[in-house]
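Enquirer: This structure is in structure tokens; I'll ask about it shortly.
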Amino acid sequence: MRVIATAGHVDHGKSTLIRRLTGMEPDRWAEEHRRGLTIDLGFAWTDLPGGPTAFVDVPGHERFTANMLAGVGPVPAVMFVVAADEGWMPQSAEHLAALDALGVRHGLLVVTRCDLADPAPATRSALAEIAATGLGAVRAVAVSGRTGAGTDLLRAELDALADGLPAPDPNADVRLWVDRSFTVRGAGTVVTGTLGAGTVRAGDELVLSATGERVRVRGLEALGRREDSVGAVARVAVNLRGVDRERVGRGDALLTPDAWVTEREVDVRLRRPAGRDEELPRNLVLHLGSAAVPAHVRPLGTDTARLVLARPLPLRAGDRGLLRDPGRHRVAAGVVVLDARPPALRRRGAAAHRAEELSGDVAAAHLRARGLVRAGELRALGFPVTGVAAGGWQVDPGHWESLVARVPDELEAWLREHPLDTGVGVDALAHRFDVPAEVLALLAAAAGATVADGRVRGRRARAELPPHVEKAVRAVEDDLAAAPFTAPDAQRLADLGLGRKEIAAAVRAERLVRVAEGVVLGPDAAQRAARVLAGLPSPFTASEAKRALGTTRRVAVPLLEHLDALRLTRRLPDDTRVLTG
Ligand SMILES: Nc1nc2c(ncn2[C@@H]2O[C@H](COP(=O)(O)OP(=O)(O)OP(=O)(O)O)[C@@H](O)[C@H]2O)c(=O)[nH]1
Ligand SMILES: [Mg+2]
């Protein structure tokens, strides 16, 4: 389905054209008929040669501009109507300014009431006005709603307009801006809206933006027919289970669960209409989607501001809306959302700093300010998923680097405090780094530490030893695997080519521990020895320790001193020892 909105000055013949194109009555209210005036949005549809096409018919009267904005807000294309006999009028100008601010890029000029006047002058002036906006050069067609002249051409031009629209993403997250809600006897609450992207299916669970409550899609209708699923772009009526009609209305949105953030503060870029440089009023109304929400404007830089909304809205970076001054009946500025979850501005000078951030890479600044953010949250905010990916999180690259650099120090510090541990618990280290455990594991790995059985162990820098030393160290490791406290003797070390320098390298790489000149053991020798000694009566003598460890005096004496230094053991005045802790 394609969806096209009308726009144009009051009484210029919009609803008459919709009636003629669709055979349906867009003015739904008795009062509209009595006054011959559209007050609220009207909805109608027809089959054009290129496919079914729905229309959102808007009121032209300036009193109902808010309704007009709710109708065109979510619609990507517009049929701009100007009466041949009246030409360009004030609401023509306000509607055009609104479309420009909302970023509508696809339009068609329809000059109607041609039976009353020559369409050429109105066409000329309207095309010139439209060309000065983001709509650019549009095609024009002259018609009469009364006689039907030009209707076939209008249908062909509407088809061409619809065909030129960008294809919507059927898999996008749903944000259906509600423009109507009513009760159907026996079915309950029904809401309607223009679905701009994504797909809604019967049975889906969606979130009501205003309250955050979950609602279930009981049934769907599009173009007057029941459907199991409706994909964008479409006019759709959604029958909801579990929500009263009073709790949902125009300006609410139905959202894909967990895919949107709904906040009260938002940073935006402002686009002032040309020639309007006076200071922006502080209190305006933000129109975005079908919502109209009072907004307090806090200027940040020359063209950026923080909006504090009267109620939260589900927004994303890139969303377009406009700020309107309802008292003066005019568009004060177009807005483009830059950050839908901006940081608090607390310190002096924070606004100026923020303005600078907003003129650069906003997504990167967002990540930098927080250190790390869930990837899903970046998506929900409409940001590209930047930074270092780590277990569902995205980490600011600078933060990541500083964390990686801290890993060895933190490991060492931990092992100093907990000498019996061979590694640090992932959770404990995560707590120290103030990051989630899944991020910590990846951080540790990036720092060259190993993570196994929920523990992080320091770097085993195998790759860093020259090959001949590596080979020799492995031989020593094999010896020690069989007898952990039987240090290789001088002859064995010499045979393996392990001199003073080679041993020092192996110690630096945490492959060996040197407890005395020429006495090397495995890196966990102290911890293992402490566990063996725990089986002895306390206090114990050096000979008792030597026997328990199954080693010689050459090893046992310096090993015990090593244990003393690590405060695993304490030496008593009579030369016996006790285990600490
Ligand atoms: N002669 C003539 N009258 C027309 C034509 N189109 C509309 N009208 C008349 O103009 C008046 C307004 O037409 P609508 O279609 O209600 O105008 P509208 O743009 O929908 O007005 P609002 O929704 O209130 O902004 C009605 O009396 C129509 O009968 C036309 O092509 N020729
Ligand atoms: Mg009308």
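Enquirer: Among the residues in segment 513-526, are any under 29 Å from Ala449 (Cα atoms) and in contact with a Ser or Thr (Cβ under 8 Å, 6 or more places away or on another chain)?
Expert: yes
Enquirer: Now for a different question. Just to be sure I understand, how many residues within segment 243-286 are among the hydroxyl-bearing types (Ser, Thr, Tyr) and touching a strand residue (DSSP E or B) at 6+ places or on another chain (Cβ under 6 Å)?
Expert: So the count comes out to 1.
Enquirer: Continuing with this model, one more query. For segment 571-581, give me each residue that is over 17 Å from Ala548 (Cβ atoms) and open to solvent by 80 Å² or more (accessible area, probe 1.4 Å).
Expert: Pro573, Asp574, Gly581
Enquirer: Do we have any residue at all in segment 470-485 that's in contact (Cβ under 8 Å) with a residue 40 or more places away in the chain and among the charged types (D, E, K, R)?
Expert: yes
Enquirer: Checking the condition buried (at least 16 other Cβ atoms within 10 Å of the Cβ) and at pLDDT 95 or above, which residue from Val243, Val190, Val238, Val233 passes?
Expert: Exactly one residue qualifies, and that residue is Val238.
Enquirer: Moving on to the next point. Collect the residues in segment 351-374 that are without any contact (Cβ under 8 Å) to a residue 40 or more places away in the chain, under 20 Å from Asp319 (Cα atoms) and open to solvent by 10 Å² or more (accessible area, probe 1.4 Å), keeping them in residue-number order.
Expert: Glu357, Gly360, Asp361, Ala364
Enquirer: On to the next question. I'm trying to understand the selection: among the residues of segment 505-519, which are open to solvent by less than 40 Å² (accessible area, probe 1.4 Å) and over 19 Å from Thr552 (Cβ atoms)?
Expert: Ala505, Ala506, Ala509, Arg511
Enquirer: Which of the residues belonging to segment 34-50 are open to solvent by 30 Å² or more (accessible area, probe 1.4 Å) and either part of a strand (DSSP E or B) or away from ligand 2 (no atom under 12 Å from the Cβ) (or both)?
Expert: Residues satisfying the conditions are Arg34, Trp45, Asp47, Pro49, Gly50.
Enquirer: Being in contact with a helix residue (DSSP H, G or I) (Cβ under 6 Å, 6 or more places away or on another chain), open to solvent by 10 Å² or more (accessible area, probe 1.4 Å) and not in a loop (DSSP other than H, G, I, E, B) is the filter here; which residues of segment 332-350 pass it?
Expert: Within segment 332-350, Leu338 is the sole residue that qualifies.
Enquirer: While we're looking at this one, here's another question. Run down Ala461, Ala483, Ala490, Ala447 and say which single residue is at pLDDT 85 or above and surrounded by 14 or more Cβ atoms within 10 Å (Cβ to Cβ).
Expert: Values: Ala461 fails: at pLDDT 85 or above; Ala483 fails: surrounded by 14 or more Cβ atoms within 10 Å (Cβ to Cβ); Ala490 fails: surrounded by 14 or more Cβ atoms within 10 Å (Cβ to Cβ).
The conditions single out Ala447.
Enquirer: For segment 131-152, give me the residue count where each residue is assigned to a helix (DSSP H, G or I) and either within 28 Å of Arg272 (Cα to Cα) or within 44 Å of the chain's Cα centre (by Cα) (or both).
Expert: Our first condition is that a residue be assigned to a helix (DSSP H, G or I); within segment 131-152, this holds for 131, 151-152.
Right, trim to either within 28 Å of Arg272 (Cα to Cα) or within 44 Å of the chain's Cα centre (by Cα) (or both) and you get 131.
Of the residues in segment 131-152, 1 are assigned to a helix (DSSP H, G or I) and either within 28 Å of Arg272 (Cα to Cα) or within 44 Å of the chain's Cα centre (by Cα) (or both).
Enquirer: Another question about this same structure. Scanning segment 51-78 for residues that are without any contact (Cβ under 8 Å) to a residue 60 or more places away in the chain and open to solvent by 10 Å² or more (accessible area, probe 1.4 Å), which turns out nearest to ligand 1 (Cβ to nearest atom)?
Expert: The qualifying residue nearest to ligand 1 (Cβ to nearest atom) is His61.
Enquirer: Another question, if that's okay. Before we move on, is Ala84 within 14 Å of ligand 2 (Cβ to nearest atom), open to solvent by less than 20 Å² (accessible area, probe 1.4 Å) and under 18 Å from Val111 (Cβ atoms)?
Expert: No: the conditions fail for Ala84.
Enquirer: For residues in segment 300-310 being modelled with pLDDT of 95 or more and out of contact with any helix residue (DSSP H, G or I) (no Cβ under 8 Å at 6 or more places or on another chain), which is most open to solvent (accessible area, probe 1.4 Å)?
Expert: Ala310
Enquirer: One residue is enough: does segment 15-25 have a residue meeting the conditions open to solvent by less than 10 Å² (accessible area, probe 1.4 Å) and closer than 25 Å to Ala197 by Cα?
Expert: Looking through segment 15-25, at least one residue is open to solvent by less than 10 Å² (accessible area, probe 1.4 Å) and closer than 25 Å to Ala197 by Cα.
Enquirer: Of all residues in segment 110-130, which are surrounded by 14 or more Cβ atoms within 10 Å (Cβ to Cβ) and not in a helix (DSSP H, G or I)?
Expert: Correct list: Val110, Val111, Thr112, Arg113, Cys114, Asp115, Leu116, Ala117.
Enquirer: Could you grab me the full set of residues in segment 198-217 that are in a strand (DSSP E or B) and crowded, with 17+ Cβ neighbours inside 10 Å?
Expert: Passing the criteria: Thr199, Val200, Leu206, Val207, Leu208, Val215, Val217.
The values are calculated or read from the model by the stated rules, or taken from the named source; none is laboratory data. Quick caveat, the model's predicted, so the values are computed rather than measured. Here the Cβ is made from the backbone with ideal geometry for all residues, glycine too, and neighbour counts use every protein chain on show. Keep in mind that these areas ignore ligands, DNA and RNA; they rest on the heavy atoms of the full protein, side chains included. Shrake-Rupley method; radii C 1.70, N 1.55, O 1.52, S 1.80 Å.
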